[in-house]
Amino acid sequence: MEKPKACFKTSVGGQALMEGVMMRGPKKVCVAVRRPDGGIDLFEEPVKKRPWSRIPLVRGACNMVDNLVQGYRYLMRSAEVSMGDGFEEEESAFDRWLAAHAGPKLQSFIMGCAAVLGGMLALVLFMVLPTTLVGLLDRYALPLGGFKVLLEAVLKLGLFVLYLFLCTRMKEIHRMFEYHGAEHKTIACYEAGEELTVENIRRHSRFHPRCGTSFMILVLIVSILVTAALPWGSTGLRVLLKLLLLPLIMGISYELIKLAGRYDNFLTAVISAPGLWLQRLTAFEPDDSMIEVAVAAVTPVLPERPEDGLW
């Protein structure tokens, strides 16, 4: 396999898992998870071609839904592998009913819908709750006039940052964020054209402009700008309009992050800045064993020719 040129912008990306990393290349996905015995479990599958992947603005929301479904599946696999015989997923009455009455395809569909709804609920919460709070404050306590949009923006960003900070206080999540750092450093090493060794990877930055954290903060920032002119006469109407605009907001955010991941200039530096700053809460310095897992995950998905993996 050829080495990439320096500053090569690759389409290879990934996701941190429980004691593992998922890497996605142009044609293949690989999940690498550290087993309890110290070995590394590998799971590979082909990348599924999506009809929307080449449609600007549409692909943003569609890719997010798809990534939520697949990400949940990989996360559950990593939990099962990393915990070995000690993994016992709590089974609810609904789980038992599902296992008894639904086939494998229907079970996968329902669990995928649950993953999407969970992820979308979190995003909607950060977009809807601030609007509701500001609307209630303006109507029943303190008339805010033209400051409503500003206060809504501050609450929206503040709640999101607070949520991420609280996540880092959880031991398991903090460790997953260390694997997130390993994923970023490994991709940065590959893009720099260096051999993928622990020593080389360790020297690279744990921050990367093309990251899920960057996408999420861009969605919130773009939503502030796009919805600033929406009417405040009815808080419910404003919330409804924001939800209707959400697919467009995701689409714009996705195109911006693609732009930032492809070019290096003043504009892309401005676009990347909020996400890179926020990655201080979601991408920590990994240890060498985590880097080894990231290398194991990325190696099978790298294209034979670097130009086949252009971002």
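The values are calculated or read from the model by the stated rules, or taken from the named source; none is laboratory data. All values derive from a computational prediction rather than experimental measurement. Glycine gets a Cβ as well: all are built from the backbone with ideal geometry, and neighbour counts include every protein chain shown. The area values use the complete protein model at the heavy-atom level, side chains included, leaving out ligands, DNA and RNA. Shrake-Rupley method; radii C 1.70, N 1.55, O 1.52, S 1.80 Å.
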Net charge over other residues, Cβ less than 14 angstrom from the Cβ of Val226 (K, R count +1; D, E count -1): +1
Calculated diffusion of the range 12-86, Stokes-Einstein form, Kirkwood radius summed over Cα pairs, 4 °C and 1.567 mPa s, µm²/s: 98 µm²/s
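Using alpha carbon coordinates only, what is the Rg to Rh ratio of the range 195-311, with Rh defined as the Kirkwood radius? Each step should come with its number before you reach the end.
Numbers: Rg = 18.4 Å, Rh = 16.8 Å.
With Rg and the Kirkwood Rh in hand, the quotient comes to 1.10.
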Per-residue ³J(HN,Hα) for the range 172-177, Karplus 6.51 cos²θ - 1.76 cosθ + 1.60, θ = phi - 60°, Hz, x for Gly and Pro: 5, 5, 4, 5, 5, 5
Residue-by-residue Karplus 3J(HN,Hα) for the range 268-279, coefficients 6.51, -1.76, 1.60, Hz, glycine and proline x: 5, 5, 5, 4, 7, 3, x, x, 5, 5, 5, 5
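Based on the Cα atoms of the range 244-292, what semi-axes does the equivalent ellipsoid have, where each is the square root of 5 times one gyration tensor eigenvalue, given in whole Å with the largest first?
Working: eigenvalues 139, 47, 23 Å².
Over the Cα atoms of the range 244-292, the semi-axes work out to 26, 15, 11 Å.
How high is the relative contact order of the range 179-311, given as a whole-number percent (alpha carbon pairs under 8 Å, six or more residues apart)?
Values: 127 pairs, mean separation 51.6, N = 133.
Contact order relative to length: 39 percent.
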Entries of Lys28/Lys185; Lys156/Lys258; Lys49/Lys258; Lys48/Lys258; Lys27/Lys258; Lys28/Lys258 with Cα pairs more than 26 Å apart: none
Potential extension, Ile173-Ser11 segment - 0.36 nm per residue separation minus Cα distance: 55.7 nm
Normalised contact order of the range 165-207, rounded percent, pairs of Cα under 8 Å and 6 or more residues apart: 35 percent
Glu195 accessible area, 1.4 Å probe, all protein chains in place, Å² to nearest 10: 110 Å²
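Just flag the trypsin sites (Lys or Arg not before Pro) in the range 214-311 sitting in loop per DSSP whose Cβ has no more than 15 other Cβ atoms within 10 Å. Intermediate results must be reported in sequence, preceding the final value.
Details: sites: Arg238, Lys242, Lys258, Arg262, Arg280; in loops: Arg280.
Of the trypsin sites (Lys or Arg not before Pro), the ones in loops of the range 214-311 whose Cβ has at most 15 other Cβ atoms within 10 Å are Arg280.
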Euclidean distance of C-alpha centroids, the range 11-56 and the range 209-281, integer Å: 25 Å
